[in-house]
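Notes follow the structure.
The values are calculated or read from the model by the stated rules, or taken from the named source; none is laboratory data. In this text, all values refer to a predicted model and were calculated from it rather than measured experimentally. Every residue, glycine among them, receives a Cβ derived from its backbone with ideal geometry; neighbour counts consider all protein chains shown. Please note that ligands, DNA and RNA were not included when accessible areas were found on the heavy atoms of the full protein model with its side chains. Shrake-Rupley method; radii C 1.70, N 1.55, O 1.52, S 1.80 Å.
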Amino acid sequence: LKFIFGPCAVPALDLVDQRSVTRVTSPSGRTLYQVLGSSGKLYTCYSSCHFCTCPAFGFSVLQKSESLLCKHILAVYLSQATGACQELSVSEEQLTSILLAEEEDEG
């Protein structure tokens, strides 16, 4: 994994081992992932569009194009593959609150 994904492979595996990835679903079928980062901050990831709200994704992936993903996105993919995702069902209103809270953090 480290050969393919580089330096984010080991930290991503640590996040999976710590069961830091939660799949959040709403009754309409909308899905997002929340990953508790090693710093204790909660990041929102969207596997459907390959996006994470962490600063490393914004800098290394989007701005510099130095990497294909961050450790949080890789942790989401690995936890899906291994069945190590926590599951959380929320109402549409709760999902909207999660999304709006992320938008406020970025603004």
Summarise the accessible area of segment 6-91 (1.4 Å probe, protein heavy atoms) by the percent that is carbon and sulfur.
-> 56
Karplus ³J(HN,Hα) for segment 5-12 (6.51 cos²θ - 1.76 cosθ + 1.60, θ = phi - 60°; Hz, whole; x = Gly/Pro) runs 9, x, x, 7, 5, 5, x, 5
Please work out the average accessible area per residue across segment 6-91, using the 1.4 Å probe convention, and give it in Å².
-> 52
For segment 4-20, list residues with backbone N below 19 Å from a point placed 7 Å from the Cα of residue 66 toward its Cβ?
-> 4-12
Pseudo-spin-label distance residue 46 to residue 3, built 7 Å along Cα→Cβ, given in nm, is 3.4
How would you classify the chain from its alpha-carbon gyration tensor, with a ≥ b ≥ c the square roots of the eigenvalues: rounded for a/c under 1.5, else prolate if a/b is greater than b/c, otherwise oblate?
-> oblate
